[in-house]
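I have placed the structure first, in the form of structure tokens, so that the comments after it can refer back to it.
Every read-out reported here was derived from the displayed coordinates using simple, explicitly stated rules and does not represent laboratory data. As the structure is a computational prediction, the values presented were derived from the model and not from experiment. Cβ placement follows ideal geometry from the backbone for every residue including glycine, while neighbour counts extend to all protein chains displayed.
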Amino acid sequence: MREYLKFYIDGQWVDPVELKTLDVINPATEGVCGKIALGSAKDVDKAVAAAKKAFKTWSQTTREERLDVLNRILAEYQKRFGDLAVAVTEEMGAPASLAQRAQVPIGMGHLSTAINVLKDFKFEEQRGPTLLVKEPIGVCGFITPWNWPLNQIVCKVAPAIATGCTMVLKPSEVAPFSGHIFAEIMHAAGVPAGVFNLVHGDGPTVGAALSSHPDIDMVSFTGSTRAGIEVARNAAPTVKRVAQELGGKSPNIVLDDDAFAKGV
């Protein structure tokens, strides 16, 4: 039975401001397989403050410094491959073969891609008389879903690290184990304090606090269309950047010449 009752804020594992817990259910067995702490707006405030402070120095790091950090994260991720696979199997009921062959490897793929792209990425480009400079956005809030937890976490975190952003992650409270282990990986890799922060919690509380926080410069959300509407609404008053991948917004059209009856 797993118990993840702390959050990762400013390079340390810290207790919630107020301890409230949630049982995590293994969909394959329908039994309780662990427990997490549920964060509050006050926990989000602490994490965002840490990220905002860290941005002052992290945003000024060199390409080489960020490459070094990404390579260390990849190395630690590879060390925890087996732990991550077991966690994914428990939290979302995925077959062990799927966790080992797809769910965990895809996170490594995102890290490797970020490393390769960063090596030659042009942060400054001359276009005629204009110098185009690409700078880090700032503090990012990441809200990720249950179905491909590591894919969605790493595809947000790796580019943010590569470009000099700092971040606060809220993994799905339905499948939080792999996200928690990912925070352990970031700590083991020596990611500077405050660059990466994790707060467990639900959407209406932690998700809303992140998407509406005045010191969050960008929010990236993957999930339902319903929740995406709330994220956009919460983000609007501070005019922060919003990136969304929403399920249920792209219906399939089945025509009358389908071959489903033939098993094709």
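Remarks
- Cleavage-rule hits, chymotrypsin sites (Phe, Trp or Tyr not before Pro), segment 31-106, DSSP coil, Cβ neighbours within 10 Å at most 10: none
- According to the calculation over all Cα-Cα pairs in segment 136-264, the P(r) per 10 Å bin from zero is 12, 42, 27, 10, 8, 2 %.
- Listed by chain and number, the lysines whose alpha-carbon sits under 18 Å from that of K46, ignoring those within fewer than 8 places in the same chain, are K6, K20, K56, K170.
- Equivalent ellipsoid dimensions for segment 122-195 as semi-axes, Å, which come from the Cα gyration tensor, largest first: 30, 14, 9
- Over the chain: helical MRE at 222 nm, DSSP H runs n ≥ 4 each giving -39500 (n - 2.57), nearest 500: -13000 deg cm²/dmol
- Trypsin sites (Lys or Arg not before Pro) within segment 117-160: DSSP coil, no more than 12 neighbouring Cβ in 10 Å: K122, K134
- Taking one quarter of the surface of the convex hull spanned by the alpha-carbon atoms of segment 102-160 gives a direction-averaged projected area of 5.1 nm².
- Placing a pseudo-label 7 Å from each Cα along the Cα-to-Cβ vector at K122 and T62 gives an inter-label distance of 2.2 nm.
- Each Lys and Arg contributes +1 and each Asp and Glu -1, all at the Cβ; summed about the Cα centre of segment 7-82, the dipole is approximately 260 debye.
- Reach of K79 by Cα under 20 Å, taken over lysines that are not fewer than 8 positions away in the same chain: none
- Among 202-212, 158-168, 107-117, the order from most to least packed when residues are scored by Cβ within 10 Å on average: 158-168, 202-212, 107-117
- Partners for K119 among lysines (Cα-Cα distance below 20 Å; same-chain residues under 8 apart left out): K134, K156
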